[in-house]
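Report on one structure; see the data block that follows.
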Amino acid sequence: MDDDVRYISTTTILPVTNNHKNDDLKIHIGPWDLKSLLLPYMQRGLLFAHPTENKQEEIITQLKRSLASTLDHFYPLAGRLAVKVHDDDNTVSFYIDCNSAGAEFIHASANITVADIMDSIHVPAILKNSFFTLNDAVNYDGRSKPLLSVQVTELLDGLFIGCSINHTVCDGKSFWHFFNSWCEISRQGSSPEDHHISRPPIFDRLCLMNDIEKDLPIRFPLSTVESWEGYKYDPPPLFERVFIFTRENIAILKEKANSKTAKDDGNANVTISSLQAVLAHVWVAVIRARCLDPNEETRYRLAIGTTGRLDPPPPESFFGNSAVSGDATVKVHELLEVGGFELGALLLNKLVTSFDGAAIRSHWKGWVEKPTVKKMSNLSASQYTLVTGGSPRFDMYGNNFGWGTPIAVRSGIVNKRDGKITSTPGPIPDSIGIEACLSAKTLKALENDAEFMAAVATL
């Protein structure tokens, strides 16, 4: 813990009505969820300027009260991960026990200002290390640790709200569904009877299973699960910087990428998206900064949302995990010297479009036949690999608890490795934020790359 952070109180937040506390309410989690058992929690947070009309103690009370009401709707977040041993075949399965054990709420203060965060070129260490909780936990630890932990840190002139959520319970899309709903309830006043949300969540995992030929729960060998005990991931020393790409600069990148693909008869119907263009720009620049062997293969691993690609599609308000990941690969010299940024954009586009409904079903059928879980130590430590999660489509800057919208989005220290690129909406309309997690040497080279920085906004 950082000496500049003072921890004031820790409170267990229960759903207001507690109607969901019974021994029969279990959510059996599917392959989309189970793959993350040994990964760290998700950590995302929002920075707010000081609410001039509200006292801090009133804000803390309001946040606790509205969180309790929000948990009435998102009650799995107040539960725990549970394990069932099947003696008939010596296997283990997992489910969310909706037992209303409660979410964690930590109130803290820090002797820093909003400007200390916003004016820093790199994400400050105090924010990454001390503004989020459960930094040493993996999702498997949700058997005893809260599935949701919130830390509200008072700054000298602002407020940072950091959430750590167990990734077996939900993905980024659902994370922001919860956060948006929390803000919605917070703006409705203090009476729980008046609280409602516009998009009630749907927790049933079977809507994603469809023709996957195996019923829930999915079982793991007991010996495999026993080997997970005590597993931790300690991220290496890395630096993060948030790069903002404005609508105007994104349009230039898109036009360049699409004009190139339009000249190729084989790609005449391809349309490069804004995010694909930005990520291709990042891919080329990072690989160039690393000065790699030109004959080796570079890989870009991309998280791809699936709910809009399945037929029939799951409900828009489905709350859980619904993403797959895939790799775009190319030789270093082909990316840097032959095809360039346009080739990178085309490869990312082809990767995304390759995951239609049939491919997604096939992907998860294969997983169900041989279930495996990911470990951070096995994920893309190579200097030749980049990995991207998040999305600029998530509603982050629209979150308003009743005292104004946030001025920045930041993430914590967990789930980080060299080459982790997180995409978010930017702070101005139609912009994209890219949080790049890199070694000090690579990040410095990236910052000195005039071609890369020409597309980055100066705010």
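For the stretch 234-251, a tally of residues being farther than 21 Å from Asn448 by Cβ and either surrounded by fewer than 17 Cβ atoms within 10 Å (Cβ to Cβ) or aliphatic (A, V, I, L, M) (or both) returns 6.
Applying the criterion of being open to solvent by 20 Å² or more (accessible area, probe 1.4 Å) and out of contact with any His (no Cβ under 9 Å at 6 or more places or on another chain) to the residues of the stretch 92-105, the residue that is nearest to Thr11 (Cα to Cα) is Glu104.
All of Val85, Val169, Val114, Val138 fail the test of being within 25 Å of Ala408 (Cβ to Cβ) and β-branched (Val, Ile, Thr), apart from Val114.
Would you check which residues across the stretch 405-426 are assigned to a loop (DSSP other than H, G, I, E, B) and under 18 Å from Gly162 (Cβ atoms) and list them? Those that are assigned to a loop (DSSP other than H, G, I, E, B) and under 18 Å from Gly162 (Cβ atoms): Thr405, Pro406, Ile407, Gly412, Ile413, Val414, Asn415, Lys416.
Selection of the stretch 374-404 for residues being closer than 20 Å to Ser36 by Cβ, of a type in the set (Ser, Thr, Tyr) and assigned to a loop (DSSP other than H, G, I, E, B) yields Ser380, Ser391. Residues of the stretch 300-333 being touching a Leu at 6+ places or on another chain (Cβ under 9 Å), charged (D, E, K, R) and crowded, with 18+ Cβ neighbours inside 10 Å, which ones? Answer for the stretch 300-333, where residues must be touching a Leu at 6+ places or on another chain (Cβ under 9 Å), charged (D, E, K, R) and crowded, with 18+ Cβ neighbours inside 10 Å: just Arg301. Would the stretch 153-164 turn up any residue that is open to solvent by 10 Å² or more (accessible area, probe 1.4 Å), closer than 18 Å to Glu104 by Cβ and not in a helix (DSSP H, G or I)? So far as the stretch 153-164 goes, yes, one or more of its residues are open to solvent by 10 Å² or more (accessible area, probe 1.4 Å), closer than 18 Å to Glu104 by Cβ and not in a helix (DSSP H, G or I).
Do the conditions hold for Cys207, that is, is it farther than 17 Å from Arg410 by Cα, assigned to a helix (DSSP H, G or I), touching a residue at least 24 places away in the same chain (Cβ under 8 Å) and not polar (S, T, N, Q)? Considered against the rule, which asks whether it is farther than 17 Å from Arg410 by Cα, assigned to a helix (DSSP H, G or I), touching a residue at least 24 places away in the same chain (Cβ under 8 Å) and not polar (S, T, N, Q), Cys207 comes out as yes. Restricting attention to the stretch 162-193, the residues that are farther than 20 Å from Ser391 by Cβ and of a type outside the set (Asp, Glu) add up to 8. I'd like to know if the stretch 173-193 contains one or more residues that are open to solvent by less than 30 Å² (accessible area, probe 1.4 Å), assigned to a loop (DSSP other than H, G, I, E, B) and modelled with pLDDT under 95. Checked against the condition, which is being open to solvent by less than 30 Å² (accessible area, probe 1.4 Å), assigned to a loop (DSSP other than H, G, I, E, B) and modelled with pLDDT under 95, the stretch 173-193 yields no hits at all.
Of the residues Leu77, Leu47, Leu81, only one is over 18 Å from Leu134 (Cβ atoms), open to solvent by less than 10 Å² (accessible area, probe 1.4 Å) and not in a loop (DSSP other than H, G, I, E, B); which? Of Leu77, Leu47, Leu81, the one residue that is over 18 Å from Leu134 (Cβ atoms), open to solvent by less than 10 Å² (accessible area, probe 1.4 Å) and not in a loop (DSSP other than H, G, I, E, B) is Leu47. Taking the numbered list (1) in a strand (DSSP E or B); (2) free of Cβ contacts under 8 Å to residues at least 60 places away in the same chain; (3) closer than 30 Å to Ser181 by Cβ in turn, Leu302 passes all entries but (2).
The values are calculated or read from the model by the stated rules, or taken from the named source; none is laboratory data. Remember, it's a predicted structure, so these values are computed and weren't measured experimentally. Cβ coordinates were reconstructed from backbone atoms using ideal geometry, including for glycine residues, and neighbour counts include every protein chain displayed. Note: accessible area is taken over every heavy atom of the protein model, side chains too, but ligands, DNA and RNA are not part of it. Shrake-Rupley method; radii C 1.70, N 1.55, O 1.52, S 1.80 Å.
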